[in-house]
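Reviewing the structure listed below.
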Amino acid sequence: MPDSAPAPADGTVRRFGRVRNFRLPAIVATVVFPFTGVVALVHSLRSSRRTAAGDIEGGRLAGARARDWCWYSLGYGLFVYFIGFVVLLFTIRDAALIKVYFDDVMFDGSAWRSLLKGFWINIQVFLWAEVIVLPWALLVAVVRQLPGRACAPIRWVAIAYCDSFRALPAILAIFIINYGFQEARLPLLENLSSKQYAILALVLVYGAYVSEVYRAGIESIHPSQVAAARSLGLSYGQTMRHVVIPPAVRRMTPALMNDFIGLQKDTALLSTIGVLELLSRARFLNNSQATFTGYTMAAMLFFALTIPLTRMVDYLQRRAARVDQAPGDEDDLAIAMPLQPVG
């Protein structure tokens with residue numbers, strides 16, 4: 001058996017790799033946020049001493065702890081400085097911002113009742129637009145996926161629609177449809193209200209965006225599943241209905257929820273065409289009471305609806321990630337569905 005390599009003259013044992021003590025990050029952390037930075041620096045110095053004494057494993061362990069405490073300094077330091085900045089912002093000049101945003105109107109029950117009536121209009125517009133956008137965008141996405149040269153003209157129409165309304169700001173679409181259709185007095189549309197014209201405009205704008213989400217979800221399904229379904233004798237429509245669309249919808253649910261959060265916020269644009277929704281009533285409240293608190297109250301109502309939806313999106317994204325990583329992904333079973341009788 002060959003002799004091992006001779007030990008270094010200083011008696012230390014050589015190991016592969018070098019020991020990192022994170023000295024510079026620890027010093028920076030100590031300067032920026034000393035409460036945790038000092039701990040990082042202590043572990044960094046300990047790592048250097050143990051490495052110099054030949055305790056390589058101990059030096060690496062202390063270096064890892066120094067690295068962790070550097071990250072603690074970054075995370076907690078930024079958080080503390082952010083909180084301090086917010087507190088300073090609202091307390092300087094004799095708490096001027098608090099007086100502007102949170103005056104006595106905040107406790108006026110009649111003001112809240114007026115704003116809630118306007119907010120109910122926002123919710124109605126959001127719900128109606130969402131119910132219409134879902135099937136409309138799916139139809140546009142399916143049309144864009146139609147195969148063959150014979151379907152090329154209708155595909156071009158769908159592409160032109162998506163490109164046009166994705167390039168158009170929502171507020172401009174509302175102006176064009178509301179004022180233009182009212183002026184043109186088109187049959188079947190001349191008796192619509194401004195709120196209904198706004199719903200139509202939002203459906204057209206968000207239908208273009210959501211159709212792209214649908215299309216991305218449809219294209220994420222592996223072509224082998226489509227080929228397997230077609231080899232079993234399913235038509236194109238049956239393949240889309242039973243094999244492609246169900247798993248695609250599961251995958252794109254978080255993205256759809258994000259779009260609908262944007263749709264819910266864009267309902268405030270109705271104030272620009274004279275609809276007495278939340279933002280319009282907040283403006284009237286500010287003008288009548290000589291205050292700015294009406295906007296704060298409107299923002300609180302939007303927070304109450306939007307933040308729970310945002311947290312739901314995060315939950316759906318985590319659940320989708322777990323499903324994708326789980327063995328025996330249910331998407332792999334999708335091609336078995338057509339084997340059942342198709343009604």
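Within the range 215-224, track down each residue that is within 14 Å of Q145 (Cβ to Cβ), in a helix (DSSP H, G or I) and not β-branched (V, I, T). Of everything in the range 215-224, those that are within 14 Å of Q145 (Cβ to Cβ), in a helix (DSSP H, G or I) and not β-branched (V, I, T) turn out to be R215, A216, G217, E219, P223.
Quickly run through the range 178-196 and pick out the residues that are closer than 20 Å to D266 by Cα, in contact with a helix residue (DSSP H, G or I) (Cβ under 6 Å, 6 or more places away or on another chain) and surrounded by fewer than 22 Cβ atoms within 10 Å (Cβ to Cβ). Within the range 178-196, S194 is the sole residue that qualifies.
Scanning the range 240-252 turns up no residue that is part of a helix (DSSP H, G or I), closer than 25 Å to L172 by Cβ and assigned by TED's automatic domain parsing to the domain that holds K195. Which of the residues belonging to the range 126-145 are at pLDDT below 90 and surrounded by fewer than 14 Cβ atoms within 10 Å (Cβ to Cβ)? Correct list: empty. Considering the conditions (1) farther than 30 Å from Y295 by Cα; (2) of a type in the set (A, V, I, L, M); (3) within 38 Å of the chain's Cα centre (by Cα), A62 is excluded by exactly one of them, (3). Within the range 147-194, the only residue that satisfies the criterion of being in contact with a Phe, Trp or Tyr (Cβ under 8 Å, 6 or more places away or on another chain), in contact (Cβ under 8 Å) with a residue 12 or more places away in the chain and assigned to a loop (DSSP other than H, G, I, E, B) is P147.
G207 meets the conditions (1) under 30 Å from A282 (Cβ atoms); (2) without any contact (Cβ under 8 Å) to a residue 24 or more places away in the chain; (3) among the small types (G, A, S) in every case but one. The failed one is (2).
Counting only residues that are part of a helix (DSSP H, G or I), surrounded by fewer than 16 Cβ atoms within 10 Å (Cβ to Cβ) and not polar (S, T, N, Q), the range 225-235 holds 2 of them.
The values are calculated or read from the model by the stated rules, or taken from the named source; none is laboratory data. Treat the numbers as computed from the prediction; the structure is a model and nothing was measured. Cβ coordinates were reconstructed from backbone atoms using ideal geometry, including for glycine residues, and neighbour counts include every protein chain displayed.
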